[in-house]
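For reference, the structure discussed in these notes is given below.
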Amino acid sequence: MTAHPEGTVPDAVAAVIAAQAEAHWYARTAVGAPSRDDWLAIGLAAVAELRGAGWHIRPLPDLEVPTVAHTPCPSCRQPKGPGQYLCLDCWTGLPAASRAALRRRDRRAMARLRELHTQLEAGRRPAEVRIPS
């Protein structure tokens with residue numbers, strides 16, 4: 001059995017991750033908002049520091065995030081970004097009230113998203129889509 005640094009596992013992990021995140025955050029703020037690669041770099045630096053401190057951290061390949069092919073915009077079939085309902089052109093073409101309703105995160109969020117897809121599949125243009133709040 002190997003010796004571990006002082007403190008409990010959660011304390012050691014939290015301290016290392018907080019230090020790494022802070023260092024990367026301040027280095028990145030001058031350039032812009034952190035990207036997925038920045039968060040990955042923080043995680044890798046934290047794991048490396050924990051391993052250097054004597055912690056045994058096994059890689060867990062089943063927890064790796066798979067590469068996902070993003071679906072096209074359901075309205076115009078053009079590429080859209082990950083986590084976006086529509087491409088930017090179609091999103092800005094929606095009425096302001098519909099965009100506001102789709103931005104809300106509550107228990108009816110999925111119902112509103114289904115309503116958006118239903119209307120688009122019925123052949124409505126984005127400017128004609130009405131999503132109830």
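The values are calculated or read from the model by the stated rules, or taken from the named source; none is laboratory data. Note that the structure is a prediction, hence the values are computed from the model and not measured. Note: ideal-geometry Cβ built from the backbone for every residue, glycine included; neighbour counts use all protein chains shown. Protein only, heavy atoms only, side chains kept; ligands, DNA and RNA dropped before computing areas. Shrake-Rupley method; radii C 1.70, N 1.55, O 1.52, S 1.80 Å.
Observations
- Couplings for segment 73-80, taken from phi via the Karplus curve 6.51 cos²θ - 1.76 cosθ + 1.60 with θ = phi - 60°, read 4, x, 8, 10, 6, 7, x, 10 Hz in order; Gly and Pro are left as x.
- The residues Ser35, Ser98, sorted by heavy-atom accessible surface at 1.4 Å with ligands and nucleic acids left out, run Ser35, Ser98 from largest to smallest.
- Under 17 Å from a label point set 7 Å out along the Cα-to-Cβ vector of Leu40, the amide N atoms of segment 81-98 belong to 82-83.
- Segment Thr71-Glu22, extension gain: residue separation times 0.36 nm, minus the distance between their alpha carbons: 14.2 nm
- Using θ = phi - 60° in the Karplus curve 6.51 cos²θ - 1.76 cosθ + 1.60, the 3J(HN,Hα) couplings for segment 109-115 round to 4, 5, 5, 5, 5, 4, 5 Hz; x is entered for Gly and Pro.
- Ala97 paired with Arg124, simple spin-label distance in nm, labels 7 Å along Cα-to-beta-carbon: 1.1 nm
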